[in-house]
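Structure record follows, encoded as structure tokens.
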Amino acid sequence: MKRFQLTPVPARWEDRPCEGSDLELWFGPADDLPGQLQETPAERRRREGVAKSVCAGCPVMAQCLAQELQHGLGDQWGVRGGLTAAERQDLIRARRAAVAVVADQAEVA
Ligand code: SF4
């Protein structure tokens, strides 16, 4: 019986599906558009859902998210790393809170 060894394929940034795609999918319409051309909350949720589904198939999603989380809380824009800006901000806050708890526990010990 022939045996096969599975070798992980290295993830490559150049294979990311967002490369060269329409920026509006990731960041929404430009802020300076007239109000009637801005997206409604329902349109925004739908667009973000599509963007997140593209991210879900991205070979570098984990690296992308890790890189985005290195930016500050106020520097989160659009869908990146499979999460919206608000979701990444929540994650950053949660991580900071967890670090603070560990630091407090280390002080007590
Ligand atoms: S995870 Fe990052 S690199 Fe991959 S498609 Fe989404 S935004 Fe692009």
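FYI, it's all coordinate maths here, none of it is from the lab. Just so you know, these numbers come straight off a predicted model, no measurement behind them. Quick reminder, even Gly has a Cβ in these numbers, built from the backbone with ideal geometry, and neighbours come from all protein chains shown.
The magnitude of the dipole of the chain, with charges of +1 and -1 set on the Cβ of Lys/Arg and Asp/Glu and taken from the Cα centre, is near 660 debye.
For region 66-78, the Karplus equation 6.51 cos²θ - 1.76 cosθ + 1.60, evaluated at θ = phi - 60°, returns couplings of 4, 5, 5, 5, 6, 6, x, 4, x, 10, 9, 9, x Hz by residue, with Gly and Pro reported as x.
Among the chymotrypsin sites (Phe, Trp or Tyr not before Pro) within region 1-105, those in coil by DSSP and having at most 12 neighbouring Cβ atoms inside 10 Å are Phe4.
Here's the picture: charge each Lys and Arg Cβ at +1 and each Asp and Glu Cβ at -1 in region 17-77, and of Leu33, Gly57, Ser21 the one pushed furthest to the positive end of that dipole is Gly57. Expressed as a fraction of 2.2 N^0.38 Å, the C-alpha radius of gyration for the chain is 1.43. Full extension of the chain between Ala106 and Trp77 gives 7.0 nm of extra length, using 0.36 nm per residue less the Cα-Cα distance.
Tally Lys/Arg at +1 and Asp/Glu at -1 over every other residue whose Cβ is under 12 Å from the Cβ of Gly81; what's the total? Overall, the nearby charge balance is +2.
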